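S.K.: Sharing a structure with you now.
The values are calculated or read from the model by the stated rules, or taken from the named source; none is laboratory data. Bear in mind the structure is a predicted one, so any value in this text is a computation, not a measurement. We place every Cβ from the backbone using ideal geometry, glycine too, and count neighbours over all the protein chains shown.
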Amino acid sequence: MTGVWIAIGFLVTIAVVVAVHEGGHFGAARMLGIAVDRFSIGIGPVVWSRTRNGIEYVLSALPIGGYVRFIEDSPELSDDVRRTLIKNAPIWKRAVVIAAGPAMNFILAVVLFAGVGVSGVRDIVPYVAPAPGSMAEAVGIRPNDLIVSVNGEKVDGISELNAELMGLIGEPSVSLGLIRDGRPDERTIDLSKISFEDMAENQGLVLPLVGIQLSGRGVQIAEPVAGGPAASAGLLPGDFITRIDGLPVTFSETLRLIRESGGRAMTFEFERAVMTDGQKELVAMTATVRPERNDEGNWVIRTTLRPTIEFTTVRLGPVEAVRHGWERVALLTRLQWNAVSGMAQGKVSTENLSGPVGIGTMAGNAAQAGLTPMLEFIALISVAIGFMNLIPVPALDGGQLVMLVVEFVRGKPLSEAFQMRLTQLGFVLLMFLAVYVTVNDIGRL
């Protein structure tokens with residue numbers, strides 16, 4: 001991945017998220033009649049500015065920051081203007097202005113997730129296999145099972161399956177609807193012993209924690225060598241191997257069985273695509289294959305094999321997409337809360353934190369992957385920024401809200417000097433955090 005993609009992905013992501021966040025503060029202030037004299041996006045040299053209705057709109061060279069500047073008190077202000085100053089606004093109005101920034105980040109994420117859902121998401125069809133010794137194996141999940149539902153909710157892709165299970169962490173009984181050998185089946189897994197801390201340590205993935213692995217629908221014959229065991233048994237390019245000696249197999253299991261066969265005859269069950277009346281149909285067939293030794297002494301059937309990963313496009317209706325977006329944002333917020341609280345309690349390693357370098361790398365990957373991954377990544381970062389700003393650190397929106405609560409309880413605000421010292425302390429803490437996560441990022445390169 002080139003540095004250009006990293007730069008593009010990072011700048012676009014941060015610019016959108018910051019603009020929406022600051023736009024939330026700005027829009028709320030304007031609607032509540034609180035005086036603003038500048039709305040600025042970016043840092044560095046000013047590349048564009050315009051003044052309209054007494055407000056200066058500014059765009060600077062690097063769109064990685066922003067702010068809303070409120071009119072400050074001065075002797076020359078009229079009484080009418082002085083009444084619109086933010087310091088003279090009721091506590092509830094100031095609270096709305098402060099909270100509007102993070103709120104807009106969450107709303108942006110809902111809109112983006114919903115938009116992606118309506119346009120369609122490319123995903124992998126969830127043919128799965130159990131990891132040896134795992135919960136999935138213990139409850140009877142078998143290689144090449146197709147998972148089609150979770151607690152009755154239809155799933156079409158492996159990412160959708162993981163997301164559904166994420167929302168059920170802590171539940172003692174979760175039903176998985178399966179299709180096995182063309183017939184419906186069902187298995188129940190226990191998620192009560194899996195914590196959000198476990199999932200945070202596993203980069204948000206639930207499937208490995210219960211031992212569910214992606215297997216594909218079978219194993220495909222690619223290039224059988226003429227005169228070799230596979231070709232002699234009648235196997236052709238494109239044939240799908242589904243079972244060996246009566247047992248469903250995955251790609252790795254097929255390789256192992258051939259390698260450990262000792263040269264004995266093996267019964268391959270497979271499907272072959274044939275044209276019937278101009279339409280392609282899958283016909284079930286069997287073949288007896290006897291492996292032979294290669295020059296290195298290993299048992300082989302002399303053909304290239306490849307896993308059969310199938311893709312699907314998952315599309316949602318408008319109402320369902322909005323619900324999906326809302327649920328996704330709620331789940332991500334819950335995950336972040338559990339991750340932060342887990343770090344505070346020492347249950348989750350702080351090495352999981354990422355800073356600008358890590359975010360830039362992920363943004364570059366998303367930008368290279370296409371529009372849909374990029375929109376989903378922007379939504380993810382928007383949730384993270386919204387949540388982070390609600391943490392009660394004085395330099396953040398959450399800290400400002402806490403000071404408003406203190407003002408409400410005391411009946412008067414904290415002194416400006418004391419608030420300034422708290423804010424400076426908050427900035428120092430954030431700078432230490434920025435250095436720490438950057439060191440983490442560099443260590444992962």
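S.K.: Is it fair to say ARG183 is at pLDDT below 95, over 27 Å from ALA369 (Cα atoms) and among the basic types (Lys, Arg)? Please lay out each step first, then the result.
M.R.: On the way: at pLDDT below 95: yes; over 27 Å from ALA369 (Cα atoms): yes; among the basic types (Lys, Arg): yes.
So ARG183 passes the test.
S.K.: Does the stretch 279-288 contain any residue that is among the basic types (Lys, Arg), at pLDDT below 90 and under 17 Å from GLY216 (Cβ atoms)?
M.R.: Of the residues in the stretch 279-288, the ones among the basic types (Lys, Arg) are 280.
Checking the rest, the ones that are also at pLDDT below 90 come to 280.
Checking which are under 17 Å from GLY216 (Cβ atoms) leaves us with none.
No, the stretch 279-288 has no match at all.
S.K.: Next question, about the same structure. Looking for something more than 34 Å from the chain's Cα centre (by Cα) and among the polar types (S, T, N, Q) - is there at least one such residue anywhere in the stretch 88-109?
M.R.: Yes: one or more hits.
S.K.: Further, regarding this structure: I'm checking my understanding of the structure. Among residues of the stretch 199-209 that are crowded, with 16+ Cβ neighbours inside 10 Å and within 22 Å of GLY346 (Cβ to Cβ), which one is modelled with the highest pLDDT?
M.R.: Taking the candidates together, the pick is LEU209.
S.K.: Based on this model, can you work out whether LEU168 counts as touching a helix residue (DSSP H, G or I) at 6+ places or on another chain (Cβ under 9 Å) and farther than 27 Å from VAL249 by Cβ? Write out each step before concluding.
M.R.: Values: touching a helix residue (DSSP H, G or I) at 6+ places or on another chain (Cβ under 9 Å): no; farther than 27 Å from VAL249 by Cβ: yes.
It is false that LEU168 is touching a helix residue (DSSP H, G or I) at 6+ places or on another chain (Cβ under 9 Å) and farther than 27 Å from VAL249 by Cβ.
S.K.: Okay, moving on. Could you tell me which of the residues GLY216, GLY278, GLY228, GLY211 is touching a residue at least 12 places away in the same chain (Cβ under 8 Å) and out of contact with any strand residue (DSSP E or B) (no Cβ under 6 Å at 6 or more places or on another chain)?
M.R.: Working: GLY216 fails: out of contact with any strand residue (DSSP E or B) (no Cβ under 6 Å at 6 or more places or on another chain); GLY278 fails: touching a residue at least 12 places away in the same chain (Cβ under 8 Å); GLY211 fails: out of contact with any strand residue (DSSP E or B) (no Cβ under 6 Å at 6 or more places or on another chain).
Of the residues listed, the single one that is touching a residue at least 12 places away in the same chain (Cβ under 8 Å) and out of contact with any strand residue (DSSP E or B) (no Cβ under 6 Å at 6 or more places or on another chain) is GLY228.
S.K.: Name, by its number, the condition in (1) among the aliphatic types (A, V, I, L, M); (2) surrounded by 21 or more Cβ atoms within 10 Å (Cβ to Cβ); (3) within 22 Å of VAL340 (Cβ to Cβ) that does not hold for ILE189.
M.R.: Evaluating ILE189 over (1) among the aliphatic types (A, V, I, L, M); (2) surrounded by 21 or more Cβ atoms within 10 Å (Cβ to Cβ); (3) within 22 Å of VAL340 (Cβ to Cβ) leaves (3) as the failure.
S.K.: Follow-up. Hey, among VAL4, VAL16, VAL20, which residue is hydrophobic (A, V, I, L, M, F, W, C), modelled with pLDDT of 95 or more and part of a helix (DSSP H, G or I)?
M.R.: Details: VAL4 fails: modelled with pLDDT of 95 or more; VAL16 fails: modelled with pLDDT of 95 or more.
Criteria check complete, one pass: VAL20.
S.K.: Further question on the same structure: Would you mind stating whether ILE212 is of a type outside the set (Ser, Thr, Tyr), touching a Leu at 6+ places or on another chain (Cβ under 6 Å) and surrounded by 14 or more Cβ atoms within 10 Å (Cβ to Cβ)? First the steps, then the outcome.
M.R.: On the way: of a type outside the set (Ser, Thr, Tyr): yes; touching a Leu at 6+ places or on another chain (Cβ under 6 Å): no; surrounded by 14 or more Cβ atoms within 10 Å (Cβ to Cβ): yes.
So ILE212 fails the test.
S.K.: Next question, about the same structure. For the stretch 216-229, give me each residue that is surrounded by 15 or more Cβ atoms within 10 Å (Cβ to Cβ) and more than 13 Å from ARG306 (Cβ to Cβ).
M.R.: Initially, the stretch 216-229 is screened for residues surrounded by 15 or more Cβ atoms within 10 Å (Cβ to Cβ), giving 216-221, 224, 228-229.
GLY228, PRO229, listed by residue number.
S.K.: Within the stretch 243-256, is there a residue that is in contact with a helix residue (DSSP H, G or I) (Cβ under 9 Å, 6 or more places away or on another chain), crowded, with 19+ Cβ neighbours inside 10 Å and closer than 14 Å to ILE301 by Cα?
M.R.: yes
S.K.: Follow-up. Might you check whether a residue that is surrounded by fewer than 17 Cβ atoms within 10 Å (Cβ to Cβ) and either in the same structural domain as GLY246 (by TED's automatic domain parsing) or not in a loop (DSSP other than H, G, I, E, B) (or both) occurs anywhere in the stretch 164-175?
M.R.: Checking the stretch 164-175: at least one residue is surrounded by fewer than 17 Cβ atoms within 10 Å (Cβ to Cβ) and either in the same structural domain as GLY246 (by TED's automatic domain parsing) or not in a loop (DSSP other than H, G, I, E, B) (or both).
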